[in-house]
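S.K.: Take this structure, written in structure tokens, and hold onto it; I'll ask about it next.
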Amino acid sequence: MNFDPRYSGRNFTSVGTRPIRPDGVDKVTGRARYGADFNMAGQLVGRVLRSPHAHATIRKIDTSKAEKLAGVKAVITAADLPDLTDGDAAMYDILDNCMARKKALYDGHAVAAVAAVDARTAKQALKLIEVDYEVLPHVTDVDEAMKHSAPLINDAIFTEGLEEKPVKPSNVTKRTQYGHGDIHEGFGQADFVVERSFKTEQTHQGYIEPHACVANVSSDGTADLWVCTQGHFVYRQHCAQLLGMEASKLRVTSSEIGGGFGGKTHVWAEPVALALSRKAGRPVKLVMTRDEVFRASGPTSATSIDVRIGARKDGTITAAEATLRYSCGPYAGMWAEIGAMTAFACYKLENVKTVGYEVLVNRPKTAAYRAPSAPMAAFAVESAVDELAKEIGMDPVEFRIRNAAQEGTRSSYGPVYGPIGIGPTLEAAKNHPHMKAPLGKNQGRGMACGFWFNFGGQTCTDLNIGMDGSVSLAVGTVDVGGSRASLSLVAAEELGIPYEQIKTVVADTSSLGYNDMTDGSRGTFSSSMATISAARNAIKILRERAAQMWDIPVDDVVWEEGHAIAKGATHGNLSPLSLKEIAAASGKTGGPIAGHSELVADGAGVSFATHICDIEVDPETGSTRVLRYTVVQDAGKAVHPTYVEGQYQGGAAQGIGWALNEEYIYGKDGRLQNPGFLDYRIPVCSDLPMIDTQILEIPNPNHPYGVRGVGETSIVPPLAAIANAVSNAAGVRMTHIPMSPPRILAAIEAERGG
Amino acid sequence: MRYIRPLSIEDAAGLLADSAGTAAILAGGSDLLVRMKGGFIEPDLIVDIKAIDGLGEIRETAEGFSIGAAVPCAVLGENTALQKAWPGVVEAAKLIGSKQVQGRCTIVGNLCNASPAADSVPALVAAGAKAVVVGPRTRRTIAVEAVPTGPGKTSLAKGEIIEAILLDKRLPRSGDAYLRFIPRTEMDIAVVSAGVNLTLDEQGRVKSARLALGAVAPTVVLVEEAAEVLIGSKLDEATLERLAKVCSGACRPIDDKRGTIEFRRKVAGVLARRAATTAYARAGGK
Amino acid sequence: MVEVTLWGSLGAIAGGKSKVEIEAKDIRELFRKLAEQYPGLEPYIDRGIAVAIDGTIYRDTWSKELPEGAEIFLLPRLAGG
Amino acid sequence: MAGVAVSTTINGDNVEFLCQPDETLLDVLRDRLGLTGAKEGCGTGDCGACSIILDDRLVCSCLVLGAEAEGRHLETIEGMAHGDRLHPLQQKFLEHAALQCGVCTPGFLMAAKDLLAKNPDPTEEEIRFGLAGNLCRCTGYDKIVRAVQDAASVMKQA
């Protein structure tokens, strides 16, 4: 298959318009089916027993009493999920996280599960399971966990990436380093140097829909799984591997998904539900409570970051350095590494060095959260950049423009950039009316930049043309925020037919080839590329059929605006054939018409954003109010601009919550104190102003329409933008996120010397 | 487990008195159902008091107002006479939870849940509100502050129910106010709160005052010293400064997930000052 | 012949080299030869490595050609949200 | 445990069901009556995804017992449209793309309906505080507020 993904400048008819999404009516009438909305005949209720201890050896689990309770159909422990991972360390960690094997590693770690006829019986059964724990010392703080005296979470872990192989095990799983040039020389050239340490607390994606699935394992070895996920093909692979099944015998259907943001990218309770169903011989529905979601799904890292940046009087940065420590939960991850890669990605630097440490703690396994790891690194770096600009006496926007990366710049993580949007977003911010609006008393303005890679990945798409000329598009990337509308637009564009003639669905794992997850901002980028390819393949067949209908050579048929056109003087009397006409005749010209596509959508363009915000601080209470917020971001090409704006606004809102109030709070006992929306404080409607957006379109050269991923970058700048605004309003540099009122008030009081 | 909806307060009290296991009163349910969901309580008997005659009403009496135990807080805000007389109490009641919770929650439930952070309680204490307590064969009226005795604990005996909250008639030249501190703009539990009720003399000097602080001790604190600071003053800057200091000093707070000791002390003073200023203005002071 | 830059941790495994020269026409050949010449890299390649060619990151395209003189950079395969 | 027999009205229809005394109205709607439009986001009244209207009051159905529905009138998202004609709020939510994942949408629509019934011409601030009991994690609320503003102006003209 010769698909040319290169960007070709073209005028768009459908792409760039804002039609209503195809799944919209179901969602406003309550008919859309999410994870917990599906039921099967004879289904049981699954519930999971979770460790109340942050760190404990599991000596023994006695399930006999629970098994005897009337209505209990299955009880499982780790023994029912034997290790089939065959040396795959990452899969072993997933298995151990689904059901603790030797040790409970955090408050909320699953240790057993039951399936019973109803919720009440299941709940009662959990109480009858006796677990004999030997409680161990625990550590939840990232800096504490790095100390030699810290309790060891896994004594088989020796830090990777050190020059000398360590002789003692450690909670630090890996050290990584990025950069180029010579920072010592660079700092030697600096007239000003800013050096600061920062901390950010752990946050959760906070999707409103808890994890939910219905598992049905048949005695013939086939199984069905209905589940809310960002990637049903990945869930199929994981579940099949963990349960020793053949992937093709497990059909996974992705339900409508009530938010994911990275948190639904790998399995949590789904293998448990399948194991319960297998043992009970009946379908099992397993829905997490909100408390379980907070305690036992995958929040993002807590971090501790040191930054040092030097610049000359003229505003040129001469050297930049950062040390980043990210918590991973109890399993190895690469979160600090991503932080180390992204930290200085916005800037053109001669001398840069970043070092990342992956740190194990007794908290739930860290999972991806929207541009994972980048917001914390950006918070530290962009705070220091602001401070440095101030010391030099330069406007913070001008200072950033002067040092912004451009096409040809060697990125801080290694490769040289192609065409990128950091400069244009900064220029747009500089010229935005928001920058010139007056501020009142106790109000401050802040701005910051952010970077994210964006991914592509494996993608498979089917485009089927019905006899009536309507088109059904089956994609394998889960729609998390309107991508079915965007992909319908792309198909309409490529085929040259109206949007309304197309219906896009997300196909299950048995109906389509493998697709990577909807992560890394890849959903619309990748599936649009596959859709364009599928549509082009369909057009090829449409041309052949038209040629047959006209009885002329196919080379004389071109496709324009939804019609086959016979070209050349000899066919001048043939009137164009519409897609509908060709489809209507398809039964006689060779059968159904379809376009298929399987490809690796690589070359996702990197993405940049600049945010501006105004904050008012009450100096007597530390209370903050977000007065105004503006997002400027490069989209490459906005396929459905309303949904692009939605991504910008949603990311900004999550970032605002993170910056101001959201945090995991652990007690001295290592237990999570706030596993609910009451005290894990995500922004409510009255907390936020309208969020203005400005979409820039700097085409991605590696996509036919110039599309870049847009989903994640918008969460990168807000932590820093708000920190800069609060610092300006309060007159004191804020270095600890979230900037909750007690932290702000304490900082103000300390500054006053009170 | 049984769910019963009695038609008289005596029946309700009798059911509670006679119950063998854990019994719970259901009015708005916004605390009870959360505790049931979390497994903190598994009642054997739920007594829904909403069908009891008169419990869902606000009555204006010769003495003032009687607010039935089953009146949702949203209804307090819709009662213009109550709103005019006791704006501080009403604004406190209207701060509990969301719109959704407002349609269900009651001030009696808020009081009997006995959380030190309950929004309506400091305002009720400042207002000098009383609770009508009914047992199977008894009926007594006690000060609102006598109900909670510690976090989650009340002075009510088994079988006792609060039937109504009584508020006096609004005196001339008097006003009340309530303020709380929360990290967000809505949906949070108070980190610190302050309720103030003031009566002025004809010269605009404070004649009598009651000030109560929430979320700074195991129960709501009625700060007698604050009243002493306020009485005789016209709330000049020096008085307000002293008031803040006295209120900060009256706190016995804890560090928890919602705030620190230092924060609660400091902000208690700030809120007391601000609430007093509002109450003073409502009382007609300038 | 293309010059391939390895990120920090990979360099250590390839005998402390941050750059290696490989005769390879596409990503598949690059991975094969890297694994031959530096056996320590094989598990990393199996786990997934991304290749940046002139700044564009490729995660899975074995057939992607490596143009003469192109800047080739090996990066870890990342997670997204 | 004895079941409680309940007779109630849902979206104008008489409905009878049997439930456990401690069963929430949300569980009754979803598990016994197949009305899965109301969602459980938290089960503690903190997210508003299960919002319904109970005798003209907006409530979280997770904080109401099924037994309490006896003799009452319930409105759920399933009854918001008239036949195939969407309510103006539903239409405006679609036009403004006031939903991304959509799981909070039924709750927001019920809350917005209740808000406009009580205050047909709300300011932006009134809308924001009126909807503060409903959490949305996708949109940042911007497009939701605009959709409600737009629906309010359409409904005033009607």
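S.K.: Would you kindly work out the equivalent ellipsoid of segment A:565-617 from its C-alpha gyration tensor and give its semi-axes, the square roots of five times the eigenvalues, largest first in whole Å?
M.R.: 50, 19, 15
S.K.: Of all beta bridges DSSP finds with both residues in chain A, what is the antiparallel percent, to the nearest 5?
M.R.: Around 75 percent antiparallel, to the nearest 5.
S.K.: Same structure, new question: What is the packing order of peptides B:19-29, D:5-15, taking the mean over residues of other C-beta atoms within 10 Å and listing the highest first?
M.R.: B:19-29, D:5-15
S.K.: Over the Cα atoms, compute the radius of gyration (one decimal) and Dmax (the largest Cα-Cα distance, rounded to a whole number) for segment D:88-157, in Å.
M.R.: Every Cα atom of segment D:88-157 included, Rg and Dmax give 10.6, 32 Å.
S.K.: Averaged across B:245-257, how many Cβ atoms of other chains sit within 10 Å of each residue's Cβ atom?
M.R.: Whole-number average of other-chain Cβ neighbours for B:245-257 is 1.
S.K.: On average, how much area does the Cα convex hull of segment A:580-735 cover when viewed from any direction, in nm²?
M.R.: That works out to 15.6 nm², a quarter of the Cα hull's surface.
S.K.: Using a cut-off of 14 Å between alpha-carbon atoms, which aspartates and glutamates can reach A:Lys103, once sequence neighbours fewer than 8 places away in the same chain are excluded?
M.R.: Qualifying aspartates and glutamates at Cα under 14 Å: A:Asp93, A:Asp132, A:Glu134, A:Asp155.
S.K.: A follow-up question, please. Can you give me the orientation-averaged projected area of the convex hull built on the Cα atoms of segment B:1-73, in nm²?
M.R.: 5.5 nm²
S.K.: Can you list which of the DSSP-assigned H helices in chain A have a Cα extent of 20 Å or more along the long axis and an average Kyte-Doolittle score of at least -0.5?
M.R.: A:374-392, A:523-550, A:641-660
S.K.: When the Cα atoms of segment A:187-304 are enclosed in a convex hull and the volume is divided per residue, what value in Å³ results?
M.R.: Roughly 147 Å³ of hull volume per residue.
S.K.: Can you give me the three principal axis dimensions of segment A:1-87 from its C-alpha atoms, in Å, biggest first?
M.R.: 69, 42, 32
S.K.: What shape does segment A:120-258 have by the C-alpha gyration tensor, where a ≥ b ≥ c are the square roots of the eigenvalues, rounded means a/c under 1.5, and otherwise prolate means a/b greater than b/c and oblate the rest?
M.R.: Judged from the Cα gyration tensor, segment A:120-258 comes out prolate (a/c at least 1.5, a/b above b/c).
S.K.: Report the Stokes-Einstein translational diffusion coefficient (µm² s⁻¹, integer) for chain A, Rh taken as the Kirkwood radius over Cα pairs, at 37 °C with viscosity 0.692 mPa s.
M.R.: Estimated diffusion coefficient is 120 µm²/s.
S.K.: Quick one: the Cα spread of segment D:4-79 along its three principal axes, in angstroms, biggest first?
M.R.: Between the extreme Cα coordinates on each principal axis of segment D:4-79 lie 28, 24, 20 Å.
S.K.: A further question on this structure: Restricting attention to the alpha-carbon atoms of segment A:75-124, what are Rg (one decimal) and Dmax (integer), both in Å?
M.R.: Considering segment A:75-124 through its Cα atoms, Rg and Dmax are 12.7, 39 Å.
S.K.: Could I ask something else about it? Cβ neighbours within 10 Å, averaged per peptide: list A:572-583, A:99-110, A:640-651 in order, most packed at the top.
M.R.: Packing order, densest peptide first, comes out as A:640-651, A:99-110, A:572-583.
S.K.: Mean-square fluctuation check for chain B, GNM, Cα pairs under 10 Å: which of B:Gln203, B:Gln102, B:Gln83 is largest?
M.R.: For chain B, modelled as a Gaussian network with Cα springs under 10 Å, the answer is B:Gln203.
S.K.: Also, I was wondering about something else. To the nearest 500 deg cm²/dmol, what mean residue ellipticity at 222 nm is calculated for the protein assembly as shown from DSSP H runs of n ≥ 4 alone, each contributing -39,500 (n - 2.57), summed and divided by the residues?
M.R.: Taking each H run of at least 4 residues, the total per residue is -8500 deg cm²/dmol.
S.K.: I've got another one for you. Need one value for B:266-274: mean number of C-beta atoms belonging to other chains within 10 Å of its residues' C-beta atoms.
M.R.: So the per-residue partner count for this stretch is 3.
S.K.: Oh, and also: For D:Lys118, which lysines qualify as cross-link partners when the Cα separation must be under 28 Å and same-chain residues fewer than eight apart are set aside?
M.R.: Qualifying lysines at Cα under 28 Å: A:Lys27, B:Lys50, B:Lys84, B:Lys94, B:Lys99, D:Lys39, D:Lys92, D:Lys143, D:Lys156.
S.K.: Further question: Restricting to Cα atoms and excluding each atom paired with itself, what does the Kirkwood estimate give for segment B:148-286 in Å?
M.R.: For segment B:148-286, the Kirkwood estimate is 15.8 Å.
S.K.: Here's another thing I want to ask about it. Where a Cα-Cα gap under 13 Å defines reach, which aspartates and glutamates qualify for A:Lys436, not counting those fewer than 8 residues away within the same chain?
M.R.: A:Asp395, A:Asp614
S.K.: Okay, moving on. About its Cα centre, how strong a charge dipole does the protein assembly as shown have in debye, to the nearest 20, once Lys and Arg get +1 and Asp and Glu get -1 at the Cβ?
M.R.: 2000 debye
S.K.: Residue by residue through A:118-129, how many Cβ atoms from other chains fall within 10 Å of the Cβ on average?
M.R.: Mean partner-chain Cβ count within 10 Å for A:118-129: 1.
S.K.: Separate question: Mind giving me the FRET efficiency for B:Leu171 and A:Val554? R0 is 56 Å, r the Cβ-Cβ distance, nearest 0.05 is fine.
M.R.: After rounding, the FRET efficiency stands at 0.05.
S.K.: From the P(r) of segment B:126-227, can you give the percent of Cα pairs sitting at distances over 15 Å?
M.R.: More than 15 Å apart: 70 percent of the Cα pairs in segment B:126-227.
S.K.: Something else about it: Please figure out what share of the DSSP beta bridges in the protein assembly as shown is antiparallel and state it in percent, rounded to the nearest 5.
M.R.: Roughly 80 percent of the DSSP beta bridges within the protein assembly as shown come out antiparallel.
S.K.: Using the per-residue mean of other Cβ atoms lying within 10 Å as a proxy for protection, in what order, highest first, do the peptides A:426-437, A:370-381 fall?
M.R.: A:370-381, A:426-437
S.K.: Taking every pair of alpha-carbon atoms in segment A:479-537, what share in percent sits in each 10 Å bin, from 0 to the bin with the longest distance?
M.R.: Reading upward from the zero bin: 23, 56, 22, 0.
S.K.: Using DSSP to define loop residues, name the GluC sites (Glu not before Pro) in segment A:177-248 whose beta-carbon has at most 13 other beta-carbon atoms within 10 Å.
M.R.: A:Glu246
S.K.: Give me the one-decimal Kirkwood hydrodynamic radius in Å for chain D, with the sum taken over alpha-carbon pairs.
M.R.: 15.9 Å
S.K.: A follow-up question, please. Can you give the Rg to Rh ratio for segment C:2-76, taking only C-alpha atoms and Rh from Kirkwood?
M.R.: Rounded to two decimals, Rg over Rh is 0.91.
S.K.: Additional query: Take the protein assembly as shown, drop everything but the C-alpha atoms, weight them equally and run the Debye formula without solvent; then report log10 I(q)/I(0) at 0.08 Å⁻¹ to two decimals.
M.R.: With one equal scatterer per Cα and no solvent, log10 I(q)/I(0) is -0.96.
S.K.: Can you give the Rg to Rh ratio for chain B, taking only C-alpha atoms and Rh from Kirkwood?
M.R.: Using Cα coordinates only, the ratio equals 0.98.
S.K.: A further question follows. Please compute the Kirkwood hydrodynamic radius over segment A:690-733, one decimal place, Å, based on all pairs of different Cα atoms.
M.R.: By the Kirkwood definition, the hydrodynamic radius is 13.2 Å.
S.K.: Counting Lys and Arg as +1 and Asp and Glu as -1, each charge on the Cβ, what is the dipole of chain A about the Cα centre in debye, to the nearest 20?
M.R.: Approximately 1300 debye in magnitude.
FYI, it's all coordinate maths here, none of it is from the lab. What you see is a predicted model, and the numbers here were worked out from it, not measured in a lab. Glycine also receives a Cβ, built like all others from the backbone with ideal geometry; neighbour counts cover every protein chain displayed.
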